[in-house]
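Data block below; observations after.
The values are calculated or read from the model by the stated rules, or taken from the named source; none is laboratory data. No experiment lies behind these values; they were computed from the predicted model shown. We place every Cβ from the backbone using ideal geometry, glycine too, and count neighbours over all the protein chains shown. Protein only, heavy atoms only, side chains kept; ligands, DNA and RNA dropped before computing areas. Shrake-Rupley method; radii C 1.70, N 1.55, O 1.52, S 1.80 Å.
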Amino acid sequence: MTEDAQNALRRTMETYSKVTRFFFICNYISRIIEPLASRCAKFRFKPLTEEIMSNRILYICKEEGLNLDSEALSTLSSISQGDLRRAITYLQGAARLFGSSISSKDLISVSGVIPEDVVQALFSACRSGNFDMADKEVKNVIAEGYPASQMLSQLYDIIVESDDISDDQKARICKKFAEADKCLVEGADEYLQLLDVASNTMRALNNMPQEYSFGN
Amino acid sequence: MLWVDKYRPKTLDKVLVHQDIAQNLKKLVTEQDCPHLLFYGPPGSGKKTLIMALLRQIFGASADKVKVENKNWKVDAGSRTIDVELTTLSSTHHVELSPSDAGFQDRYVVQEIIKEMAKNRPIDSKGKKGFKVLVLNEVDKLSREAQHSLRRTMEKYSASCRLILCCNSSSKVTEAVRSRCLNMRINAPTEGEIIKVLEFIGKKESLQLPPGFAERIAHQSNRSLRRAILSFETCRVQQYPFTSNQAIPPMDWEEYISEIASTIFKEQSPKRLYEVRGKLYELLVNCIPPEIILKRLLYELMKKLDSELKHEIAHWAAYYEHRLRLGQKAIFHLEAFVAKFMSIYKGFLIETFG
């Protein structure tokens, strides 16, 4: 809600506090204005732990008669990122498409997550410092129909987690990621943005100069 | 009839590429419970073909009898009424439309018109309540508001109406819509698959294909099956029997852009820029989308560049394409890109050759 709307709500809450109780649900407490937050008792919901999630998933599998191996289960919990609803949706989608025995590959194809090897291929192309190779990988990603925003977030995970990239390099890369993400939201072309990101990442990883300067 | 339409597979069993997806779809609809579907993939990868085959699988042959209608709607939006005109393609069981054609009024299309269609619940032959299918094209071009309204429609009428959404890039579809659909990624066919299809058509038309001919067409098609088949047919019209070294004619506009690229390489001066502007205008008035021009131009320019410069040019191409989306007049941004390229290239030349 906008700040104005929240302010208006503040009055309403006070006036009708005798007859009405309010329950508010939000994702970020920081976006609730202070006067409103102070009028409520707060309950914080932590993201579900992996254990609870997998218990629930296994329960559903048992009720629905699905066959889920342990590898698929761990894939499911990683692609859903602690979001149980999403996990269940993926599970249902996979069950509808592929029948009762579900492998981790099926789950990945339903969820729209890009397979690890595709992301790694692009990443290693960036590492190699060969522009044409990266260009080829980017073309391939687009032709395979993987969404660029998804590619960005998975590539981002790899880069942030790898130990052999210096903080300085990471900062350079992440800055470009943020810019490209904004451009994508505004409807820019996926191929060009991804190519720009790949080229920038390559320059950062191989310590090439960021700007091309000629003679000046 | 063009070969593209003539050899479009009519049923899920007959598709040549994406056989696994087709089989999954078949499994999906035979269980009588079809969720909302979202098909995404690059152009020429077979999304539409799969959708049409799927409809046929659900409803039988009557799904093929489509009629084109140009409909007018009067939408009541508070204080005023808005006229929306849309072309729909419908059979007794499904309606197909591109809501993004309505431009900035796409929200009303999604809110009112789809609602109106979804409300009428058909009754199937067994007297049971059936469902209707709405095929929406180019959902990625819908505005944010329209996508949000779509979400409500999907939930409210999910009992009587299934939506099949079709788009090029799923990152432009909001997460909320995506999570309500079963996402089907349709990848572009590989060159090998394209060759297989071309050979299949060649056999049906009883044509002699010289060795390597189909490979060359497939290679030039940029993994777009539609383009491959079209240029195959063009070759057939131009010269038959085929010779093994027969040139595959490139698209007119592509040739034109490669001309522009060589003009740019020859000389970098304001005079040349002026010339290039004229040519760009020519392309624009012939309805070639500006982002396609930019991408193709980048491709042509990249061919002759050092890898150092490639990074720089790729960056500027992305930069100007983004601006092009935000801005109004495409020519400004295209020309700015050309000017930028000229300046970088000239600087590079001066530095290396003095």
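Can you go through B:ILE292, B:ILE350 and tell me which one is of a type in the set (A, V, I, L, M, F, W, C), farther than 25 Å from B:GLU255 by Cβ, within 12 Å of chain A (Cβ to nearest Cβ) and without any contact (Cβ under 8 Å) to a residue 40 or more places away in the chain? Full working, then the answer.
Details: B:ILE292 fails: farther than 25 Å from B:GLU255 by Cβ.
That would be B:ILE350, the only listed residue that is of a type in the set (A, V, I, L, M, F, W, C), farther than 25 Å from B:GLU255 by Cβ, within 12 Å of chain A (Cβ to nearest Cβ) and without any contact (Cβ under 8 Å) to a residue 40 or more places away in the chain.
Here are A:ARG85, A:ARG56: which of them is part of a helix (DSSP H, G or I), free of Cβ contacts under 8 Å to residues at least 24 places away in the same chain and over 22 Å from B:GLN23 (Cα atoms)?
On the way: A:ARG56 fails: free of Cβ contacts under 8 Å to residues at least 24 places away in the same chain.
The conditions single out A:ARG85.
Got a sec? Which of B:CYS181, B:CYS161, B:CYS235 is more than 10 Å from chain A (Cβ to nearest Cβ) and closer than 30 Å to B:SER149 by Cβ? Show your work before the answer.
Numbers: B:CYS181 fails: more than 10 Å from chain A (Cβ to nearest Cβ); B:CYS235 fails: closer than 30 Å to B:SER149 by Cβ.
Testing whether each residue is more than 10 Å from chain A (Cβ to nearest Cβ) and closer than 30 Å to B:SER149 by Cβ leaves just B:CYS161.
Does the stretch B:48-65 contain any residue that is outside any helix (DSSP H, G or I), assigned by TED's automatic domain parsing to the domain that holds B:PHE131 and touching a residue at least 12 places away in the same chain (Cβ under 8 Å)? Give the steps one after another, and end with the answer.
Here is the first cut: in the stretch B:48-65, the residues outside any helix (DSSP H, G or I) are B:65.
Then keep just the ones that are assigned by TED's automatic domain parsing to the domain that holds B:PHE131; that gives B:65.
Next, from what is left, pick out any that are touching a residue at least 12 places away in the same chain (Cβ under 8 Å): B:65.
Within the stretch B:48-65, one or more residues are outside any helix (DSSP H, G or I), assigned by TED's automatic domain parsing to the domain that holds B:PHE131 and touching a residue at least 12 places away in the same chain (Cβ under 8 Å).
Given (1) open to solvent by less than 80 Å² (accessible area, probe 1.4 Å); (2) modelled with pLDDT under 85; (3) closer than 30 Å to B:LEU25 by Cβ, identify the lone condition not met by A:LEU48.
Every condition holds for A:LEU48 apart from (3).
Looking at (1) touching a Lys or Arg at 6+ places or on another chain (Cβ under 8 Å); (2) crowded, with 16+ Cβ neighbours inside 10 Å, which is the one condition that is false for B:SER169?
(1)
For the stretch A:140-199, how many residues meet the condition of being β-branched (Val, Ile, Thr), farther than 19 Å from B:GLY41 by Cβ and open to solvent by 30 Å² or more (accessible area, probe 1.4 Å)? If you could, list the steps in order and put the result at the bottom.
The first filter runs over the stretch A:140-199 and keeps only residues β-branched (Val, Ile, Thr), leaving A:141-142, A:158-160, A:165, A:173, A:185, A:197.
If we keep only those that are farther than 19 Å from B:GLY41 by Cβ as well, we get A:158-160, A:165, A:173, A:185, A:197.
When the remaining residues are screened for being open to solvent by 30 Å² or more (accessible area, probe 1.4 Å), the result is A:160, A:185.
Residues that pass the stated criteria total 2.
I want to confirm something. Restricting to the stretch B:1-27 and keeping residues that are free of Cβ contacts under 8 Å to residues at least 12 places away in the same chain and within 20 Å of the chain's Cα centre (by Cα), which single residue is most open to solvent (accessible area, probe 1.4 Å)?
It comes out as B:LYS6.
Would you be able to tell me the number of residues in the stretch A:172-212 that are of a type in the set (Ser, Thr, Tyr) and out of contact with any Cys (no Cβ under 9 Å at 6 or more places or on another chain)? So that I can check it myself, show each step before the final result.
Step one: of the stretch A:172-212, the residues of a type in the set (Ser, Thr, Tyr) are A:191, A:199, A:201, A:212.
Still in the list and also out of contact with any Cys (no Cβ under 9 Å at 6 or more places or on another chain): A:191, A:212.
So the answer is 2.
Condition first: outside any helix (DSSP H, G or I), under 22 Å from B:ASP140 (Cβ atoms) and open to solvent by 70 Å² or more (accessible area, probe 1.4 Å). Now tell me which residues in the stretch B:88-102 satisfy that.
Of the stretch B:88-102, the ones outside any helix (DSSP H, G or I) are B:88-98.
Going one step further and asking which of them are under 22 Å from B:ASP140 (Cβ atoms), we end up with B:88-89, B:94-98.
Across the stretch B:88-102, there are no qualifying residues.
Those residues that are closer than 27 Å to B:ALA188 by Cα and open to solvent by 50 Å² or more (accessible area, probe 1.4 Å), I need them from the stretch B:28-57; list them, please. So that I can check it myself, show each step before the final result.
Narrowing the stretch B:28-57 to residues closer than 27 Å to B:ALA188 by Cα: B:28-30, B:34-57.
Result: B:THR30, B:PRO43, B:LYS48, B:MET52, B:ARG56, B:GLN57.
Restricting the search to the stretch A:96-105, which residues are open to solvent by less than 30 Å² (accessible area, probe 1.4 Å) and modelled with pLDDT of 80 or more? Quick ask: steps written out before the conclusion?
Filtering the stretch A:96-105 down to residues open to solvent by less than 30 Å² (accessible area, probe 1.4 Å) leaves A:97, A:99, A:102, A:104.
Correct list: A:ILE102, A:SER104.
Output the residue which, of all residues in the stretch A:51-76 that are within 24 Å of the chain's Cα centre (by Cα) and polar (S, T, N, Q), is surrounded by the fewest Cβ atoms within 10 Å (Cβ to Cβ).
Top of the filtered list is A:SER70.
Looking at (1) without any contact (Cβ under 8 Å) to a residue 12 or more places away in the chain; (2) within 14 Å of chain A (Cβ to nearest Cβ); (3) within 22 Å of the chain's Cα centre (by Cα), which one does B:GLY103 not meet, given that it meets all the others?
Just one mismatch for B:GLY103, condition (2).
Please specify each residue of the stretch B:214-245 satisfying the condition of being farther than 28 Å from B:LEU50 by Cβ and buried (at least 16 other Cβ atoms within 10 Å of the Cβ). Step through it out loud before you land on a result.
Initially, the stretch B:214-245 is screened for residues farther than 28 Å from B:LEU50 by Cβ, giving B:237-245.
B:PHE242, the sole residue that qualifies.
Given (1) open to solvent by 50 Å² or more (accessible area, probe 1.4 Å); (2) at negative phi; (3) among the polar types (S, T, N, Q), where does A:GLN81 come up short, assuming only one miss?
Going through the list (1) open to solvent by 50 Å² or more (accessible area, probe 1.4 Å); (2) at negative phi; (3) among the polar types (S, T, N, Q), A:GLN81 breaks only (2).
With respect to A:ARG86, is the statement that it is within 14 Å of chain B (Cβ to nearest Cβ) and not hydrophobic (A, V, I, L, M, F, W, C) true? Break it down into steps so the answer makes sense when it comes.
Details: within 14 Å of chain B (Cβ to nearest Cβ): yes; not hydrophobic (A, V, I, L, M, F, W, C): yes.
Yes: the conditions hold for A:ARG86.
Being touching a helix residue (DSSP H, G or I) at 6+ places or on another chain (Cβ under 8 Å) and within 9 Å of chain A (Cβ to nearest Cβ) is true for just one of B:HIS333, B:HIS322. Which residue is that? Please lay out each step first, then the result.
On the way: B:HIS333 fails: within 9 Å of chain A (Cβ to nearest Cβ).
Sole residue among the options that is touching a helix residue (DSSP H, G or I) at 6+ places or on another chain (Cβ under 8 Å) and within 9 Å of chain A (Cβ to nearest Cβ): B:HIS322.
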